[in-house]
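The values are calculated or read from the model by the stated rules, or taken from the named source; none is laboratory data. Because the structure is a prediction, the values reported are computed rather than measured. The area values use the complete protein model at the heavy-atom level, side chains included, leaving out ligands, DNA and RNA. Shrake-Rupley method; radii C 1.70, N 1.55, O 1.52, S 1.80 Å.
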Amino acid sequence: MAARKKGRSASRKRREARLKAGAWSGVVALALLLTFWSTIWPYVMGGLVLGAGGGGGWWLWKTDRLVRGDDRRWRHEEAVRAGHRTLAEVDAMDGTQFEDFVADLCRRDGCTKVRRVGRTGDDGADVRGRLPDGRTMVIQCKRYNPKRKISNGEVRNLLGSQVHFKAEVAVFVTTTYFSAPAERCAVQNGVVAVHRDHLGLWNNGAALPSLTAVNGAGQGDHRHRTLRKDTYE
């Protein structure tokens, strides 16, 4: 019992000695700080400023990452939601909504500087921008009833718009199909003719540049035209 009390007493004395040593060190440090304050204060203030700047920079970096992350998630969700639209929903859009829809698909595919310019006196352009490879493009959008055909004259109007805007690529997007002369005119002049079937592919995830590989195809033969006529009329 006496040995245990002796051990506790020795331990208490060591703690007290450490506390006294710590207090003495603090007094010495404070005395040195006050003595040399005129010399070291610029360094102290500089350290504080750097610390504050570093903390502020970290906070801005963290905030930027959070904002960018939220923006990426929003864009992804919008792309998924756009891809889930049915052609029946697209048919229910008005002309301006359809132009916005096409512009959104372009942005989804990595096109840049995309803007809707369609209005009265738009010189045949509804959407303008740049393809992912940097080429300039002009797009004409026609939201028609599927039983109506795109005429040769409408394709030629887009060609005139391409010349007017000095665009490298012309794209004609429609909810219907092209007449045979209109389709030939588009293919012969390098116009990307996105008819109803290709619009469905684009809406479901096919990239706009990939549609050039099937340009002028997909409208079917006489049997398909008869089936479309029975479906939409």
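Structure summary
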item: Quarter of Cα convex hull surface for region 112-216, i.e. mean projection, nm²; result: 6.3 nm²
item: Cut-off under 5 Å, modelled amide H: who pairs with PHE178 long-range; result: ILE150
item: 3J(HN,Hα) from dihedral phi, region 161-167, Karplus parametrisation 6.51/-1.76/1.60, rounded to Hz, x for glycine, proline; result: 5, 4, 5, 4, 8, 6, 7
item: Potential extension, LYS166-LYS113 segment - 0.36 nm per residue separation minus Cα distance; result: 17.5 nm
item: Derived scalar couplings ³J(HN,Hα) [region 146-151; Karplus, 6.51 cos²θ - 1.76 cosθ + 1.60; whole Hz; x for Gly, Pro]; result: x, 7, 8, 9, 7, 8
item: Exposure rank, largest accessible area first [LEU211, LEU159, LEU66; 1.4 Å]; result: LEU66, LEU159, LEU211
